Number of protein chains: 2
Amino acid sequence: MQQIGIAIAGFGTVGQGVYKHLLQNRALLQQRLGIRFAVHGIAVRNLRRKRLVKVPRALLTRDWKSLVEDPRVSIVVELFGGCNEARRLILAALRKGKSVVTANKALLAEHGEEIFEVTARYRAKIYFEASVAGGVPIIKALREGLIVNRFQMIYGILNGTCNYILSKMSRDGTSFAKALAAAQRDGYAEANPALDIDGIDAGHKVAILASLSNGFLMPFSKVHIEGIRSITPLDIRFARLLGYEIKLLGIIRAENGIEARVHPVLIPRSHILAAVDGVYNAIVVRGDVVGDAMFYGRGAGADATASAVIADISEAGLDRLYSTEMRPLLGPRGRGAAKIKSIDDVVSRYYLRLSVVDRPGVLAGIASVLARAHIGISSVIQPEGHEGKVVPLILMIHDAKYRDMRRALQQIVKLPTIRGRPMLVRVESFDVAPFDGGQDLRPGGDVS
Amino acid sequence: MQQIGIAIAGFGTVGQGVYKHLLQNRALLQQRLGIRFAVHGIAVRNLRRKRLVKVPRALLTRDWKSLVEDPRVSIVVELFGGCNEARRLILAALRKGKSVVTANKALLAEHGEEIFEVTARYRAKIYFEASVAGGVPIIKALREGLIVNRFQMIYGILNGTCNYILSKMSRDGTSFAKALAAAQRDGYAEANPALDIDGIDAGHKVAILASLSNGFLMPFSKVHIEGIRSITPLDIRFARLLGYEIKLLGIIRAENGIEARVHPVLIPRSHILAAVDGVYNAIVVRGDVVGDAMFYGRGAGADATASAVIADISEAGLDRLYSTEMRPLLGPRGRGAAKIKSIDDVVSRYYLRLSVVDRPGVLAGIASVLARAHIGISSVIQPEGHEGKVVPLILMIHDAKYRDMRRALQQIVKLPTIRGRPMLVRVESFDVAPFDGGQDLRPGGDVS
């Protein structure tokens with residue numbers, strides 16, 4: 001049996017999960033792979049910290065450099081998180097020709113160019129299945145299982161914390177603040193939740209998926225990001241009334257350039273993503289050959305993430321055993337070959353909630369601003385109120401470029417009847433496959 | 001650029017799809033793989049048959065043996081279907097040391113032992129991603145992406161034709177016969193639909209998934225199979241009234257032995273599989289590390305299946321390029337190591353619809369038979385009728401072994417008030433992850 005040495009850098013939730021499951025399912029892994037993995041060291045920041053997983057004291061070290069230098073170590077598993085020490089560690093390991101496994105989406109999204117460049121230069125290998133959607137093998141699916149596809153669209157729920165909060169708001173009618181507090185109490189949101197609720201974490205994942213699927217490095221700064229702080233129970237109620245749920249989605253779309261965006265979306269309640277509740281992640285992939293496929297599972301947590309990290313360790317082990325070359329990381333096109341579309345040029349439908357003073361002519365004023373911008377209204381909900389009172393007014397708006405919508409909105413908020421901030425949420429139906437979908441299935445097929 | 005020769009045997013719907021997309025996305029594939037595939041021949045039964053995809057006449061041959069002998073051909077793609085010629089072709093190719101790609105689930109389920117034995121003996125390789133769930137890379141997910149997991153449960157919608165029919169019955173309230181006729185008219189069911197509607201096709205897939213996930217060859221004859229012919233609109237209506245949908249599911253469960261079964265199931269409408277409509281397939285995998293993951297997509301059709309076949313061709317190409325060994329086909333255990341559980345020992349809840357003569361004491365008679373068998377009733381629906389008329393009576397029954405349930409039913413149908421055949425459908429909730437699911441996600445995790 002071939003033995004391959006690994007080192008783990010970072011021993012938080014995920015690091016402990018990886019170590020635990022590597023040990024617990026060791027026999028299974030050996031029989032499935034023909035490889036025995038030996039952990040030669042674990043780099044930690046604090047040697048004395050109490051941990052849930054028992055580990056021989058001799059394995060722990062505060063000196064990650066010694067692990068990278070250790071000639072017995074072929075695979076370095078980076079689970080520090082963050083972009084400083086993690087970056088130095090990964091670059092050092094790659095330069096030594098080691099294989100690197102990482103779950104660090106922030107690092108890949110923000111320093112991908114440097115990391116991929118060093119990987120190629122030293123003919124090293126890097127694996128990052130766990131960086132997107134936790135235990136769901138979405139990166140393997142894109143790069144291997146769906147290899148013959150051009151990816152027309154990839155979209156989905158990429159952040160479990162936001163989905164937990166929005167699910168709770170939808171189910172219980174609670175406010176954003178209360179749902180966030182519940183998420184924090186139950187351990188589904190960090191004390192500082194900004195990375196999640198402001199959409200940055202999902203944005204990192206979108207940058208990675210956009211790069212993999214379109215064959216060039218998508219700069220994180222080009223991903224359009226909006227979070228969920230301003231969603232109110234009122235918006236969720238109106239959305240449901242109109243047949244929608246509100247979800248925070250990451251969307252990558254290739255059509256006259258590449259769209260890469262993260263923002264709340266009204267999706268039809270009949271769409272399968274509307275059924276994804278709680279901390280689960282789900283990603284829909286639309287390929288020109290396969291059609292629509294969806295991948296669903298736990299997007300976070302020690303165990304689910306460990307499943308992906310250990311799959312990468314296994315892959316790295318086999319690749320070393322057979323001296324395979326890494327598949328090209330960024331698909332068919334060279335860097336910068338595709339045009340990135342500005343959010344201003346992205347066309348979508350919109351849900352617009354305004355607070356207006358209830359008096360005759362309110363709607364006429366708004367409608368005429370939109371008409372001048374050639375923006376169509378598809379429906380209006382104006383709850384009955386008392387004249388002179390401030391009431392919500394909901395407009396569903398036809399396909400329009402964001403630039404036009406944004407400019408029209410700048411004029412609308414100046415109307416004398418408008419109070420407070422408007423709420424604008426994109427509406428996407430993603431051309432839901434109809435019930436009778438699957439138009440390429442014909443009688444007499446060999447396979448059913 | 002490395003060139004690898006392939007031959008395609010069978011040029012029906014899927015064969016044409018494979019050829020078309022290999023050509024259409026050739027540049028993409030070359031850039032992603034570093035391999036150029038050359039098709040050296042296509043074996044057909046009828047040289048003159050009209051086909052949708054144009055192909056040089058010189059590539060077509062009725063003599064598949066010449067293709068297997070052709071030294072330029074390294075990869076043989078078997079798309080004949082059926083178990084006779086396909087079996088001979090595959091065995092001949094394996095004995096020549098060629099790599100075989102096949103979508104033939106019937107052959108693998110019914111002749112897997114012989115085929116895997118010859119594969120191992122000749123150190124050849126066989127790939128069969130397209131044999132289960134069309135374009136969805138479920139086999140790669142099980143064997144690679146989720147490699148560290150013990151598979152506690154794999155279940156899902158494995159036959160698009162049945163799901164189309166049941167979805168249509170549920171949506172429109174039509175009879176089975178009418179829904180089947182519609183499926184045939186729309187090209188979603190064969191003229192002879194038995195393979196699909198009697199659950200045999202799903203049974204083949206269950207045998208393959210059970211073998212891969214449990215490390216021994218599951219004989220097809222040990223898969224318990226019931227089809228959907230006897231489901232009525234009445235059953236679907238009552239199921240919905242009780243909060244369920246009826247789906248034909250394949251289920252593999254490892255708990256004190258391996259369960260492998262295909263039958264209609266009442267699943268809660270809140271379960272994500274209940275949202276899978278039409279010809280789509282969806283498979284839930286429960287692993288001891290990853291938790292629940294789901295894979296969804298087109299389960300059939302030329303294009304989706306071609307996506308999986310070409311992924312296998314790519315894999316086969318890389319494996320030849322790097323001379324890798326095939327991962328063990330059947331996981332960790334040797335053949336026959338696990339106990340296969342008889343359907344009689346499978347415990348589940350049940351939906352039971354009886355036709356009874358509406359008169360006092362009917363329910364008491366049925367209830368006392370069940371009580372003597374220690375089988376509990378959880379609820380009863382008895383529509384109001386006229387005394388003496390035949391009416392449906394629905395019982396929801398607590399967990400019971402099928403043996404006990406079956407025997408009780410034999411006594412119940414002998415009661416003087418029972419008319420016609422009883423309808424018994426298993427009820428499964430698969431311990432649906434609660435809204436607050438994902439118990440391993442804790443604050444301070446490295447990944448979210």
### Message
Any residue at all in the range B:195-207 that's acidic (Asp, Glu), touching an Asp or Glu at 6+ places or on another chain (Cβ under 9 Å), under 26 Å from A:Glu129 (Cα atoms) and surrounded by 23 or more Cβ atoms within 10 Å (Cβ to Cβ)?
### Response
no
### Task
For A:Asn149, state whether it is in a loop (DSSP other than H, G, I, E, B) and touching a residue at least 40 places away in the same chain (Cβ under 8 Å).
yes
### Message
Need a quick list: helices (runs of 4 or more DSSP H) entirely within the range B:157-229 having at least 2 residues that are in contact (Cβ under 8 Å) with a residue 60 or more places away in the chain.
### Response
B:160-172, B:200-214
#### Entry: B:Glu117 vs. criteria closer than 16 Å to A:Lys140 by Cβ and surrounded by fewer than 24 Cβ atoms within 10 Å (Cβ to Cβ)
no
### Those residues of the range A:351-378 which are modelled with pLDDT under 95 and part of a loop (DSSP other than H, G, I, E, B), in sequence order
A:Asp358, A:Arg359, A:Pro360, A:Gly361
## Note on the structure
Among residues of the range A:29-48 being in contact (Cβ under 8 Å) with a residue 24 or more places away in the chain and more than 11 Å from every other protein chain (Cβ to nearest Cβ), the residue surrounded by the fewest Cβ atoms within 10 Å (Cβ to Cβ) is A:Ala38
### Task
Could you please tell me which pairs satisfy a Cβ distance under 7 Å, a separation of 6+ or placement on different chains, a first residue in the range A:262-279 that is more than 7 Å from every other protein chain (Cβ to nearest Cβ), and a second residue that is among the acidic types (Asp, Glu)?
A:Val262/A:Glu226; A:His263/A:Glu226; A:Pro264/A:Glu226; A:Val265/A:Glu428; A:Ile267/A:Glu245; A:Ile267/A:Glu428; A:Arg269/A:Glu245; A:Ala274/A:Glu245
### Residue list for the range A:71-95, filter: surrounded by 17 or more Cβ atoms within 10 Å (Cβ to Cβ) and among the charged types (D, E, K, R)
A:Glu78, A:Arg87
## Note on the structure
Taking the range A:212-230 and keeping residues at pLDDT 95 or above and either crowded, with 24+ Cβ neighbours inside 10 Å or in the same structural domain as A:Ile381 (by TED's automatic domain parsing) (or both) leaves A:Val223, A:Ile228
### Task
Could you grab me the full set of residues in the range B:397-427 that are crowded, with 19+ Cβ neighbours inside 10 Å and assigned to a strand (DSSP E or B)?
B:Ile397, B:Ala400, B:Ile418, B:Met423, B:Leu424, B:Val425, B:Arg426, B:Val427
### Query
Could we say that B:Ala282 is free of Cβ contacts under 8 Å to residues at least 60 places away in the same chain and not assigned by TED's automatic domain parsing to the domain that holds B:Val14 here?
no
### Query
Mind checking whether some residue in the range A:58-79 is closer than 26 Å to B:Arg327 by Cα and touching an Asp or Glu at 6+ places or on another chain (Cβ under 7 Å)?
no
### Query
For A:Ser66, are the conditions met, namely being assigned to a helix (DSSP H, G or I), outside the structural domain of A:Asp198 (by TED's automatic domain parsing), in contact with a strand residue (DSSP E or B) (Cβ under 9 Å, 6 or more places away or on another chain) and not hydrophobic (A, V, I, L, M, F, W, C)?
yes
#### Entry: Candidates A:Ala311, A:Ala293, A:Ala300, A:Ala304, filtered to the one that is more than 30 Å from B:Ala300 (Cα to Cα), aliphatic (A, V, I, L, M) and at the interface with chain B (Cβ under 8 Å from one of its Cβ atoms)
A:Ala300
## Note on the structure
Going through the range A:129-166 in order, the residues found to be over 26 Å from A:Gly81 (Cβ atoms) and facing chain B (nearest Cβ under 7 Å) are A:Glu144, A:Gly145, A:Leu146, A:Ile147, A:Val148, A:Asn149, A:Arg150
### Query
Do we find a residue being of a type outside the set (D, E, K, R), under 28 Å from the mean Cα position of the chain (by Cα) and closer than 30 Å to B:Leu146 by Cβ anywhere in the range A:64-75?
yes
### Task
Could you please find all residues in the range B:384-427 being of a type in the set (S, T, N, Q) and at pLDDT below 95?
B:Thr417
### Task
For the range A:10-26, name all the residues that are more than 7 Å from every other protein chain (Cβ to nearest Cβ) and aliphatic (A, V, I, L, M).
A:Val18, A:Leu22, A:Leu23
### Query
Is there any pair linking a residue in the range A:371-396 that is at positive phi to one that is surrounded by 15 or more Cβ atoms within 10 Å (Cβ to Cβ) and not in a strand (DSSP E or B), with Cβ under 7 Å and at least six apart or on different chains, and which?
A:Gly388/A:Asp358
### Query
Can you name the residue in the range A:281-290 that is among the β-branched types (Val, Ile, Thr) and more than 7 Å from chain B (Cβ to nearest Cβ) and is also surrounded by the fewest Cβ atoms within 10 Å (Cβ to Cβ) among such residues?
A:Val284
### Query
Inside the range B:204-230, can you point out the residues that are touching a strand residue (DSSP E or B) at 6+ places or on another chain (Cβ under 6 Å) and away from chain A (no Cβ under 13 Å)?
B:Val206, B:Leu209, B:Ala210, B:Met218, B:Lys222, B:Val223, B:His224, B:Ile225, B:Glu226, B:Ile228
### Query
Is it the case that some residue within the range A:71-80 is closer than 22 Å to A:Ser211 by Cα, within 14 Å of chain B (Cβ to nearest Cβ), in contact with a Ser or Thr (Cβ under 7 Å, 6 or more places away or on another chain) and assigned to a strand (DSSP E or B)?
yes
### Message
Name the single residue that is nearest to the other protein chains (Cβ to nearest Cβ) among those in the range A:81-105 being among the polar types (S, T, N, Q) and within 18 Å of A:Ala306 (Cβ to Cβ).
### Response
A:Asn104
### Task
Mind listing just one residue for me: the one in the range B:106-128 that is small (Gly, Ala, Ser), assigned to a helix (DSSP H, G or I) and away from chain A (no Cβ under 12 Å) and, of those, farthest from B:Asp292 (Cα to Cα)?
B:Ala120
### Query
Which one of these does A:Val55 not meet: (1) touching a helix residue (DSSP H, G or I) at 6+ places or on another chain (Cβ under 7 Å); (2) within 14 Å of chain B (Cβ to nearest Cβ); (3) over 28 Å from B:Arg327 (Cβ atoms); (4) touching a residue at least 40 places away in the same chain (Cβ under 8 Å)?
(2)
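The values are calculated or read from the model by the stated rules, or taken from the named source; none is laboratory data. All values derive from a computational prediction rather than experimental measurement. FYI the Cβ positions are ideal-geometry reconstructions off the backbone, even for glycines, and counts take in every protein chain you see.
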